[in-house]
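Visitor: Can you keep this structure in mind? I'll have questions shortly.
The values are calculated or read from the model by the stated rules, or taken from the named source; none is laboratory data. Owing to the predicted nature of the structure, the values given are computational and were not obtained by experimental measurement. We place every Cβ from the backbone using ideal geometry, glycine too, and count neighbours over all the protein chains shown.
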Amino acid sequence: MELPKNYSFKDAEAKWQKAWEDLGVYRFDAKTKQPVYSCDTPPPTVSGKMHMGHAMAYSQADFIMRFHRMKGEHPFYPFGFDDNGLATERFVEKKCGVKGSRMPRPDFVKLCLRETVEAEKQLKQSWQGIGISCDWNLQYRTIDDWSMKTSQRSLLDLHKKGRLERKEAPLVICPQCQTVIAQVEMKDKELESFLNYIEVEAENGEKLQFATTRPEVLPACVGFSVNPEDQRYKHLIGKKVKIPLIDRWVPVKGDEETLPEYGTGAVYYCSYGGTDCIDWLTKHPDVKPVLVMDVSGRYNERAGKYKGMTSKEARQAVLEDLKAIGALKKQQPIKHAVNVHERCETEVEYVATKQWFIRYLDLKEKFLEAGAKLNWHPAHMKVRYDNWVKGLKWDWCVSRQRFFGVPFPIWYCAKCGEAVFADETELPVDPTASQPKAGQRCGKCRGTEFVGEKDVMDTWATSSLTPQIALKWREDEKFFGRMFPMSLRANGHDIITFWLFNTVVKSLLHEGKLPWKDVMINGYVTDPYGEKMSKSKGNVVEPNVVVERFGADALRYWAASCSLGEDLPYQEKDLVTGQKLVTKLWNAAKFCLTHLDKLEGGKPEKLAPLDAWLMGKLNQAVEAATRGFEAYEFHKPKMAADHFFWKEFCDNYLEMVKDRLYNAQAYPAEDVQSARWTLYTALLTILKLFAPLLPHVTEEIYSLYFAGKEKAESIHVSAWPEPFQEFADEKAVQAGDLAVLVVAAVRQFKSSKSLSLGAEVKRLSIDARERRLLEPLARDIQAAARAKELAFEKPAEPLQVADGLAIGVNV
RNA sequence: GGGCGCGUGGUCUAUCGGUAUGACGUCGCCUUCACACGGCGGAGGUAGUCGGUUCAAUUCCGGCCGCGCCCACCA
């Protein structure tokens, strides 16, 4: 058997990606008798291209899935696309030159659907291009009818469980752009500002001051706080103070959080000046908010003379008015961080609106317990989850004032405003385009006219259901029962607090258990200097380009080079390393196969000493690789396979066994048979160890030779190697290691004399004390050293090989 | 400001109680038979910094410095 001279990764990778798909190598079979190993991977958003971070993270998850497949488990490995939400709207608006807010929603939604289908095709190609072994028949989209149905079903279920509520909540708006903005559209900005000291009068006539950076919200002031321990003010707690300009009396509360040393130690609260104000109002429910700002970003009639102004205008006006009456006592310049709208850099405003919430703050303890039951890889990532849960202050707001998303299955009674929920049989439903089913009446006033909820759900409300979406939740109960919880979630460390946490929440609320057993958390990809890749820095490298130049196997090899959870800089040299390995594998296989035609018979009873050494080393590599993959530490299998293949197998074994293969007639038949069997077994095992990392080149070699001999049609469904316990022979390993040292010493000698490695040695002397150990390997050593004679004797000019062992080389 | 992580030869990285792994680069040598997309050999690090625990620390603990990520409108 002769392999072609060169391996073309371009041809082979394209060929195998297609063949795997055609042959259904990765197809999930619901009737399988094998234990199922399932994986919940992130659905990438369709609004972008695949980037190196994706390439790394999905490769890392794929290593694990490929390992489990070979271990004899049956993978359930679906792939999804996340295509609802703000990012997609932006993407479509930009691409088509439209504005979602300026066109009829059904038209916009239709447009988004069309564009995302197109984008998904390209993304699918990118993911296939790096050799992901998911089953594309299990593909889902977070906006398709099934996902929508699942998401709406989840909402109805939460309603039934009393977890859904509609309540007043602050919404972030940009007063400049006059629009509602999302968390992700905000950024931090260090701002030069003034801390304004304003005087108020207490009930008892006492004058005191508070300090604020936001005097403009004064018309909305409803409360006042001091620290309960603060001797200056504690006697005022429970009394009232009069806010100037609006002459409103507001209550003074005692709050631990009010720091005596900041400003004057007194603070005012407005509805709403910021999240702290909202918190304060939540803590003091007896105080009613006075909402002075509308969604337009302008003050309304409740702001009195400031009506119609924006914050910026009001700040000016309020300060002037305060100055005029002498209430502005001091202005102290300070720097502080504020949230601004990323596009126009305007400070954001908070206005109160009705929103849908999933009530879950009471379950913090449960969430912490759940987090503790998950198997985190790496373990320290759990802390991020814990800190997030402990820091939660809000229920989960799931409504968004957007267009392209999963609609709420909710109408409101046109008469009394009472919410009416869709029936589960109607799902998926768009309440803006349909009515509740016939005969439905308002539960409160018996009204028969309804208005559909216009808001759509937050994208996390749906993507937090990926296990339910993939596993046909409430559609195929038997299947779901068997498959849930899933085995593994692969997740980036940046979205532990969103995607991972939200998925845990939904799963606990719906099913009362965790969605998966294990989680593996991946890191980021940075540029060669450790900086995050971003368009604005111009340091973005595209995986498609990398695959084109170096091959998917090389890309994956790079992705395996860091430990799980670590950030990895993209360096071209690392891709070259992978490419070299692929070439080396090809060449080594080419050599082996020319000698395997004559392989006859099965496993020998006893191995030749050198072969026993190699098998001992092979066993170690197999054990290390298996342990590594089982612990999600894919870089360990990589190192084990690398080391065995490159050092032990190529550099030493092949060089030492060559003579036995080329001059077979000069050796006993059983030694030759031993060599051929070892060669076959070691090569096959090497291919298998590398198969999860380098699926293409290993499959190519396997298919050209081993597929015909072994039972599996693809290396990826062949059995993961087990150590050959019957050949575990410590003495042989020890002897082989020593023989390798002797050969290395001869090489070193030749190198130091500027001799070719092929140069003949007249006589090689090995210290007689090692005769017992090395004599069985004498012929192999002699052949590798190209020595005409080999003798166990005291060397004339000794070269130190190891402690206690010296050799002499006579050329 | 809070949390988490990281800081190892020129560059990236493994190890994580007994002076350190590998890759790339670099220098020298080697081309008849798997591979010059190669082989062999050499040089190069006292593991950010200070201090503590220990017979022994890169590895454990604490301070500091630097970097990254997540969170947070201390009015």
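Visitor: Need a quick list: strands (runs of 3 or more DSSP E) entirely within region A:715-811 having at least 3 residues that are touching a Pro at 6+ places or on another chain (Cβ under 8 Å) and modelled with pLDDT under 90.
Guide: A:805-810
Yes or no, residue by residue, for (1) hydroxyl-bearing (Ser, Thr, Tyr); (2) under 28 Å from A:GLN579 (Cα atoms); (3) surrounded by fewer than 17 Cβ atoms within 10 Å (Cβ to Cβ); (4) within 16 Å of RNA strand B (Cβ to nearest atom):
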{"position": "A:LYS711", "(1), (2), (3), (4)": "no, no, yes, no"}
{"position": "A:GLU722", "(1), (2), (3), (4)": "no, yes, yes, no"}
{"position": "A:ALA728", "(1), (2), (3), (4)": "no, no, yes, no"}
{"position": "A:SER754", "(1), (2), (3), (4)": "yes, no, yes, yes"}
{"position": "A:GLU760", "(1), (2), (3), (4)": "no, no, yes, yes"}
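Visitor: Separate question: Among what's in region A:537-570 and is part of a helix (DSSP H, G or I) and among the basic types (Lys, Arg), pick the residue that is farthest from RNA strand B (Cβ to nearest atom).
Guide: Top of the filtered list is A:ARG556.
Visitor: Still on this structure, please answer the following. Could you check region A:132-177 and list, in sequence order, the residues that are away from RNA strand B (no atom under 16 Å from the Cβ), over 30 Å from A:ALA119 (Cβ atoms) and out of contact with any helix residue (DSSP H, G or I) (no Cβ under 7 Å at 6 or more places or on another chain)? Outline the logic, then answer.
Guide: Initial filter on region A:132-177 (away from RNA strand B (no atom under 16 Å from the Cβ)): A:132-168.
Among the residues that remain, those that are also over 30 Å from A:ALA119 (Cβ atoms) are: A:156-168.
Scanning region A:132-177 gives A:HIS159, A:LYS160, A:GLY162, A:GLU165, A:ARG166, A:LYS167, A:GLU168.
Visitor: Take A:PRO528 and tell me if it is within 23 Å of the chain's Cα centre (by Cα) and more than 30 Å from A:LEU471 (Cβ to Cβ).
Guide: yes
Visitor: Within region A:304-341, take every residue that is surrounded by 15 or more Cβ atoms within 10 Å (Cβ to Cβ) and within 13 Å of RNA strand B (Cβ to nearest atom) and give me the one that is nearest to A:GLU199 (Cα to Cα).
Guide: Within region A:304-341, the match that is nearest to A:GLU199 (Cα to Cα) is A:ARG315.
Visitor: Still on this structure, I have one more. Go through A:VAL290, A:VAL295 for me and flag whichever is at pLDDT 85 or above, among the hydrophobic types (A, V, I, L, M, F, W, C) and over 23 Å from A:SER193 (Cα atoms).
Guide: It is A:VAL290.
Visitor: Here's something else I'd like to know. Limited to region A:251-310, what total is found for residues that are assigned to a loop (DSSP other than H, G, I, E, B), under 27 Å from A:CYS174 (Cα atoms) and among the aromatic types (Phe, Trp, Tyr)? First the steps, then the outcome.
Guide: Here is the first cut: in region A:251-310, the residues assigned to a loop (DSSP other than H, G, I, E, B) are A:255-265, A:271-274, A:284-292, A:294-298, A:300, A:307-310.
Still in the running and under 27 Å from A:CYS174 (Cα atoms): A:271-274, A:287-292, A:294-298, A:300, A:307-310.
Subset that is among the aromatic types (Phe, Trp, Tyr): A:272.
So the answer is 1.
Visitor: Which numbered condition in (1) assigned to a loop (DSSP other than H, G, I, E, B); (2) without any contact (Cβ under 8 Å) to a residue 24 or more places away in the chain is the only one that A:SER47 fails?
Guide: Tallying (1) assigned to a loop (DSSP other than H, G, I, E, B); (2) without any contact (Cβ under 8 Å) to a residue 24 or more places away in the chain, A:SER47 fails exactly one: (2).
Visitor: Regarding A:GLU648, is this residue at pLDDT 90 or above and either touching a helix residue (DSSP H, G or I) at 6+ places or on another chain (Cβ under 8 Å) or of a type in the set (Lys, Arg) (or both)?
Guide: It is true that A:GLU648 is at pLDDT 90 or above and either touching a helix residue (DSSP H, G or I) at 6+ places or on another chain (Cβ under 8 Å) or of a type in the set (Lys, Arg) (or both).
Visitor: Could you list, in sequence order, all residues of region A:258-292 that are among the polar types (S, T, N, Q), near RNA strand B (Cβ under 6 Å from one of its atoms) and surrounded by fewer than 17 Cβ atoms within 10 Å (Cβ to Cβ)?
Guide: Matches in region A:258-292: A:THR275 only.
Visitor: Checking the structure you have, find out if any residue of region A:240-250 is within 8 Å of RNA strand B (Cβ to nearest atom), in a strand (DSSP E or B) and modelled with pLDDT of 90 or more.
Guide: No.
Visitor: Please determine whether any residue of region A:567-577 is polar (S, T, N, Q), surrounded by fewer than 19 Cβ atoms within 10 Å (Cβ to Cβ) and under 28 Å from A:ILE521 (Cα atoms). Don't jump to the end; show me each part of the working.
Guide: Looking only at region A:567-577, we keep the residues that are polar (S, T, N, Q), and these are A:571, A:577.
Filter again for surrounded by fewer than 19 Cβ atoms within 10 Å (Cβ to Cβ), leaving A:571, A:577.
With under 28 Å from A:ILE521 (Cα atoms) added as a condition, the list becomes A:571, A:577.
Yes; the residues of region A:567-577 include at least one that is polar (S, T, N, Q), surrounded by fewer than 19 Cβ atoms within 10 Å (Cβ to Cβ) and under 28 Å from A:ILE521 (Cα atoms).
Visitor: Checking A:SER534 against (1) closer than 28 Å to A:HIS635 by Cα; (2) small (Gly, Ala, Ser); (3) more than 10 Å from RNA strand B (Cβ to nearest atom), only one condition comes out false. Which one?
Guide: (3)
Visitor: Would you mind stating whether A:SER193 is in a helix (DSSP H, G or I) and either modelled with pLDDT under 85 or among the hydroxyl-bearing types (Ser, Thr, Tyr) (or both)?
Guide: Judged against the criteria, A:SER193 is not a match.
Visitor: Check A:ALA608, A:ALA621 and return the single one that is hydrophobic (A, V, I, L, M, F, W, C), within 18 Å of A:TYR557 (Cα to Cα) and buried (at least 17 other Cβ atoms within 10 Å of the Cβ).
Guide: That would be A:ALA621, the only listed residue that is hydrophobic (A, V, I, L, M, F, W, C), within 18 Å of A:TYR557 (Cα to Cα) and buried (at least 17 other Cβ atoms within 10 Å of the Cβ).
Visitor: Can you go through A:GLU13, A:GLU2 and tell me which one is among the charged types (D, E, K, R), within 16 Å of RNA strand B (Cβ to nearest atom) and part of a loop (DSSP other than H, G, I, E, B)?
Guide: Just a single option satisfies the conditions, and that option is A:GLU2.
Visitor: Within the set of pairs 6+ apart or on separate chains, which have a first residue in region A:734-752 that is touching a residue at least 24 places away in the same chain (Cβ under 8 Å), a second that is in a helix (DSSP H, G or I) and within 14 Å of RNA strand B (Cβ to nearest atom), and C-beta atoms under 7 Å apart?
Guide: A:VAL740/A:ASN652; A:VAL743/A:ASN652; A:VAL743/A:MET656; A:VAL743/A:ALA784; A:VAL743/A:ALA785; A:VAL746/A:ALA785
Visitor: Only one residue in A:VAL546, A:VAL540, A:VAL525, A:VAL504 is crowded, with 18+ Cβ neighbours inside 10 Å, among the hydrophobic types (A, V, I, L, M, F, W, C), in contact (Cβ under 8 Å) with a residue 24 or more places away in the chain and touching a His at 6+ places or on another chain (Cβ under 8 Å), so which one is that? Please lay out each step first, then the result.
Guide: Values: A:VAL546 fails: touching a His at 6+ places or on another chain (Cβ under 8 Å); A:VAL540 fails: crowded, with 18+ Cβ neighbours inside 10 Å; A:VAL504 fails: touching a His at 6+ places or on another chain (Cβ under 8 Å).
Answer to the selection: A:VAL525.
Visitor: Give me the pairs, please: first residue somewhere in region A:357-368 and within 14 Å of A:SER154 (Cβ to Cβ), second residue anywhere and crowded, with 16+ Cβ neighbours inside 10 Å and among the polar types (S, T, N, Q), beta-carbon distance under 8 Å, and either six or more positions apart or on two chains.
Guide: So the pair list comes out empty.
Visitor: Which residue out of A:THR583, A:THR594, A:THR577 is farther than 17 Å from A:PRO528 by Cα, near RNA strand B (Cβ under 6 Å from one of its atoms) and among the β-branched types (Val, Ile, Thr)?
Guide: On the way: A:THR594 fails: near RNA strand B (Cβ under 6 Å from one of its atoms); A:THR577 fails: farther than 17 Å from A:PRO528 by Cα.
Result of the check over A:THR583, A:THR594, A:THR577: A:THR583.
Visitor: For region A:483-498, state whether one or more residues are in a helix (DSSP H, G or I), of a type outside the set (S, T, N, Q) and modelled with pLDDT of 95 or more.
Guide: yes
Visitor: Follow-up question, since we're still on this one. Quick one: count up the residues across region A:216-239 that are closer than 16 Å to A:VAL290 by Cβ and either more than 9 Å from RNA strand B (Cβ to nearest atom) or in a loop (DSSP other than H, G, I, E, B) (or both).
Guide: Residues flagged as closer than 16 Å to A:VAL290 by Cβ and either more than 9 Å from RNA strand B (Cβ to nearest atom) or in a loop (DSSP other than H, G, I, E, B) (or both) within region A:216-239 amount to 8.
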